[in-house]
Amino acid sequence: MAGKSCLIVEDSRVVRKVARTIMTGFQYECREAENGQLAVEECEKAMPDVVLLDWNMPVMNGLDFLHKLRSMPGGDAPKVIFCTTENEMSRIQEGMGAGADEYIMKPFDGDIIRSKLEMLGLIEEGG
Amino acid sequence: MKEEDFDLLAHLVKQRSGLVLTRDKAYLLESRLIPVARKFDLKDLDDLARAVRDKRDEKLATAITEAMTTNETFFFRDQKPFDQFRKIILPHMLKARAARKSLRVWSAAASTGQEAYSLAMILAEEAAKLQGWKVDIIGTDLSAEVIEKAKEGFYNQFEVQRGLPVTMLMKYFRQEGEKWQISEKIRSMVQYRAMNLLADWGGIGPFDVVFCRNVLIYFDPPTKSRMLERIAGLMPPDGVLFLGGAEAVLGLTSRFKNMEGEKGIYIPASCPADAWKATAAA
């Protein structure tokens, strides 16, 4: 069985590292992109199974990336989880309305990510 | 902590709540009781133990018991029991109670309300099928303090993320500053009351569905048996009991048996063998 892949889109190197450690723990192979534009390029190479997506980033933000991704061939497939300090209800609605599958308000921990992956059926319960 | 102090506090908690604290739980006792000591202006746990021994302060004893019995909880904890409730139990009850149009559910260790509200959200999602029904969800907990928190229904950002899909957050919560409050509609579906499971249950039943998860693990076997028999006494033959993943009825009571093929669900031993076959297979 092919390994599961994750694209971490996040401008903070520290947060990318934390996210990578958590996702690697769930047997995901991780790629990283520090803004939306680089993330588009990664998706053109190969669509990941999951995208952990920050909102506020230089060059191209998470929301613009999401619109772009969903219009790409095969861009419907990846499960996109926003992972952002934006915690206003109106932002959550905007992000979900743009085609995200789940939404995490920072700060996050391994339990929250595990819980969201379970909800999306990406990992087994308690896995 | 001194051994005699541990034994003293463990005895107090056992007497009042049934919770059995073994010596390996000393760290838990210490971490939870330091804030209690502070609240009562006691210097440390030695002082706390001394106060318990000398003063017999009722408020202090209650605070210690509540601190030790507050358990971790979150929305849709473990997910599976809630899926089973939605896919197996609810369709059966909709048919079996079609004439009576009533359903009574008990969250027996409700803590800060997440379990009872999760059930309420599931029922709200099925509102179309429950038109004209009288649905009662009762949440009870030993601690009056957590019951108050449950009634208010305010949760922090961590609490609304673990287990709760964001679509549910959008639909059933309202943001207020740093907190999230569950909607009036969902709150009004649940009645909470403080109640000690070891004491009188004050005519609380009957119940079609009982969630009593991760409660029995804290009791000794005779207490577990008694608890299960009392729950059985509140149920019709097609009632259901949900226990936690590490709990079972085997060797404790003959009043319940496992629902065939469904881990964690228990039904009265008197339940006809085929009562659940049709819905479980559907």
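The values are calculated or read from the model by the stated rules, or taken from the named source; none is laboratory data. Note that the structure is a prediction, hence the values are computed from the model and not measured. Heads up, the Cβs are rebuilt from the backbone with ideal geometry, glycines too, and the neighbour counts pull from every protein chain shown. To get the accessible areas, we keep the full protein, side chains included, count just its heavy atoms, and leave off ligands, DNA and RNA. Shrake-Rupley method; radii C 1.70, N 1.55, O 1.52, S 1.80 Å.
Legend: residues B:MET68, A:MET72, sorted from most to least accessible area (1.4 Å probe; ligands, DNA and RNA excluded), read A:MET72, B:MET68. Of all the options B:SER107, B:SER17, B:SER183, the one that moves most in a Gaussian network model of chain B with Cα springs shorter than 10 angstrom is B:SER183. For the protein assembly as shown, the normalised intensity computed at q = 0.06, 0.08, 0.12 Å⁻¹ comes to -0.30, -0.54, -1.06 (log10 of I(q)/I(0), Debye sum over alpha carbons, equal scatterers, no solvent).
Note on B:LYS95/A:GLU88: beta-carbon distance plugged into 1/(1 + (r/R0)^6) with R0 of 51 Å gives a FRET efficiency of 0.75. The eigenvalues of the Cα gyration tensor, multiplied by 5 and square-rooted, give chain B an equivalent ellipsoid with semi-axes of 35, 24, 15 Å from largest to smallest. Calculated [222 nm] ellipticity per residue, helices only, for chain B: -11500 deg cm²/dmol; basis is -39500 (n - 2.57) per DSSP H run with n ≥ 4, divided by all residues, nearest 500. With all protein chains in place and a 1.4 Å probe, the accessible surface of chain A carries 48 percent carbon and sulfur. Accessible area of B:PHE154 (1.4 Å probe, protein heavy atoms only, ligands and nucleic acids ignored): about 50 Å². For chain B, the longest principal axis of the Cα atoms and the long axis of helix B:45-55 meet at an angle of about 90 degrees.
For the residue pairs B:LYS59/B:LYS171; A:LYS45/B:LYS179; A:LYS79/B:LYS171, the alpha carbons lie more than 32 Å apart in B:LYS59/B:LYS171; A:LYS45/B:LYS179. Over chain A, accessible surface divided per residue gives 46 Å², non-protein components excluded, 1.4 Å probe. Given the C-alpha centroids of region B:226-263 and region A:35-114, what is the distance between them in whole angstrom? Their Cα centres are 44 Å away from one another.
Counting only protein heavy atoms and a 1.4 Å probe, region B:80-281 has 42 square angstrom of accessible area per residue. Heavy-atom accessible surface of B:TYR218, to the nearest 10 Å², is about 80 Å², with a 1.4 Å probe and all protein chains retained. Placing +1 on each Lys and Arg Cβ and -1 on each Asp and Glu Cβ, with no other charges, gives region B:70-222 a dipole about its Cα centre of roughly 800 debye. Other protein chain C-beta atoms within 10 Å of residue C-beta, averaged over A:99-107: 3. Taking chain B as a Gaussian network of alpha-carbon nodes connected by springs under 10 Å, the highest mean-square fluctuation of the residues B:ASN214, B:ASN258, B:ASN156 belongs to B:ASN156. Distance check, please: which entries in A:LYS116/B:LYS151; A:LYS106/B:LYS14; B:LYS134/B:LYS263; B:LYS149/B:LYS224; A:LYS17/B:LYS185 exceed 31 angstrom between their Cα atoms? Exceeds cut-off: A:LYS106/B:LYS14; A:LYS17/B:LYS185. For the peptide B:162-172, the mean number of other protein chain Cβ atoms found within 10 angstrom of a residue's Cβ is 5. At the residue level, B:GLU184 shows approximately 120 square angstrom of accessible surface with a 1.4 angstrom probe and all protein chains present. What separates the Cα centres of region B:112-168 and region B:56-94 is a distance of 11 Å. Placing B:LYS134, A:LYS79 in order of accessible area, with the largest value first and a 1.4 Å probe, yields B:LYS134, A:LYS79. Under a plain spin-label model, where a point goes 7 Å from the Cα along Cα-to-Cβ, how far apart in nm are A:ASN56 and B:LYS55? With each label placed 7 Å out from Cα toward Cβ, I get 4.8 nm. Largest to smallest in accessible area, the residues A:ASP49, A:ASP54 fall in the order A:ASP49, A:ASP54 (1.4 Å probe, all protein chains included). Relative to the longest principal axis of chain B, what angle (0 to 90°, nearest 10) does the C-alpha long axis of helix B:3-17 take? Computed tilt is about 30 degrees.
Chains A and B together bury roughly 1700 Å² of accessible area, counting both sides, with a 1.4 Å probe on protein heavy atoms only.
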